1. Let me spell out the model: positive unit charges on the Cβ of Lys and Arg, negative unit charges on the Cβ of Asp and Glu, origin at the Cα centre of the stretch 328-428. What dipole size does that give, in debye rounded to 20?
2. Can you tell me the 0 to 90 degree angle between the C-alpha axis of helix 140-150 and the longest principal axis of the chain, rounded to 10?
3. Nearest 0.05, what FRET efficiency do R160 and S276 give at R0 = 60 Å with Cβ-Cβ as r?
4. Using r as the Cβ-Cβ distance of D167 and Q143, and R0 as 45 Å, what FRET efficiency do you calculate, to the nearest 0.05?
5. Label-point separation (nm) for S95 and S218, each offset 7 Å from Cα along Cα-to-Cβ?
6. What value in Å³ per residue do you get for the convex hull of the alpha-carbon atoms in the stretch 5-119?
7. Quick one: dipole size for the chain, taken about the Cα centre, charges +1 on Lys/Arg Cβ and -1 on Asp/Glu Cβ, in debye to the nearest 20.
8. Can you tell me how the stretch 216-376 classifies by the Cα gyration tensor, rounded, prolate or oblate, using a/c under 1.5 as the rounded cut?
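Just so you know, all these numbers are worked out from the coordinates, no wet-lab data involved. These numbers come from a predicted model, not from an experiment. We place every Cβ from the backbone using ideal geometry, glycine too, and count neighbours over all the protein chains shown.
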Amino acid sequence: MSQTICAISTAPATAALGIIRISGRETFSILEGILKKKNGAPFTVVHGKAALYRIEEDGAPLDEAMVTCFLGPRSYTGEDTAELCCHGGLFVLQSVMELLVRRGCAPAGPGEFSKRAYLNGKLDLVSAKAVIELIEATSKAQQKNALSRMEGTLSRKINRLYERLVDLNTELMAYVDFPEEIDEPAEEYLPALEEIAEELSALVEGTKTGRLIREGLSIAIVGAPNVGKSTLMNQLLGYERSIVSAIPGTTRDMVREGCRLGDLTCHLSDTAGMRSTADPIEQQGISIARKEAEAARVVFAVFDGSRPLNEDDRQLILSYADAQNLAIINKADLPQLIDEEYISKHYKHIVKISAQNGAGCALIDEWVRTQYSVEDAAAEGVLTDPLQLADLLAAKNAVQAAAAGLAQGFTPDLVSIDLTEAASHLGGITGQEVTDEMIDRIFSRFCVGK
């Protein structure tokens, strides 16, 4: 990390403003050679305070920028850093970048600023991975979970468990090495290991919510032809994505699109109308619809409230009458002829809406928020990265094996093997025990300038 690095940190598109970030020991000396105030005053370093400067090369101006300096270690990377808020034209930003490179900066690689923050102890790997998840967030839950982990809420829990395991293991190994000088491990070791295993189990359980936050909720919209499935799809999306027609059987293939419902990213599937038909193409669409409904985590079963239930409706009610699914009675703006009591015998959750004018659709959003509440978990911070989930599960299994071994009278050196493995996995999550190759792979996912 001897070189001073620079990168454009804003998106590669013309905008009102663009930010160039610089970090390294030569940051301020490089800026001294290219920055002057309009009155000719030289560049001065004041921590955390922005000031307007002209960017010049050999007296020729390139741009004007608001420059903010951060003295290390009180900066994102832990090094001397500066941010130049320039005008956002791509040519302007590139010309300033080229000037910085000529003056001694090296172009930063993907994630190099965050990598330096990690190596300088400003971030651990849980917080570092949260940075990229915050940048890529598409839902309130993803945003909240990433922010919580960046603040270190989850890291502190994992670090505390890691330190307890290391302490217990140190005592065990001390007995193995010096059995004549140190008392045999006390009986309270077993309750301590069981307590750690219980806390790890709770963290593993939280990863189920983490997966929901990361991957989102898959929802299949099913129903007989012309009940308003496509209209509902368009209403939830906020724009026309599915073709809407009064002709039954218009939707033959499946239409997928993402949207936000509740606090989650949801993946909606508008499927073919389910009915008895001799049309082979329509039959194929219905077969696809059934497979999609089976694969989805939630089914929105849609019914036309303006007509009585027919045999196709009744078959659909029985097929998807699951506690996790939602019955939607559509066309509430028309006179109602549907047997709502029959539906309520099979569905725990029912909402009445008009997909045509949007009335009642807010109830669907609220139902998702209530049934799939992730707010508390996101506020605490849960792991979402598959590799970190695997490490957490392996740590839990190793601690449980150590506790079982201790209960069965295994010797301390055998128990220590499991504790060493558990600590290694927890250290892999936060970064205490990772290789350089793993670090490079993690930060290569980041964008340049972060």
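1. Details: 6 positive and 14 negative charges, 70 e Å.
Dipole size: approximately 340 debye.
2. 20 degrees
3. Working: r = 61 Å, r/R0 = 1.01.
With a Förster radius of 60 Å, E is 0.50.
4. Working: r = 36 Å, r/R0 = 0.80.
Rounded to the nearest 0.05, the efficiency is 0.80.
5. Here the answer is 5.2 nm between the modelled labels.
6. Per residue, the Cα convex hull of the stretch 5-119 comes to 92 Å³.
7. On the way: 44 positive and 64 negative charges, 488 e Å.
Roughly 2340 debye, rounded to the nearest 20.
8. Details: a/c = 1.38, a/b = 1.19, b/c = 1.16.
It is rounded, given that a/c, with a ≥ b ≥ c, falls under 1.5.
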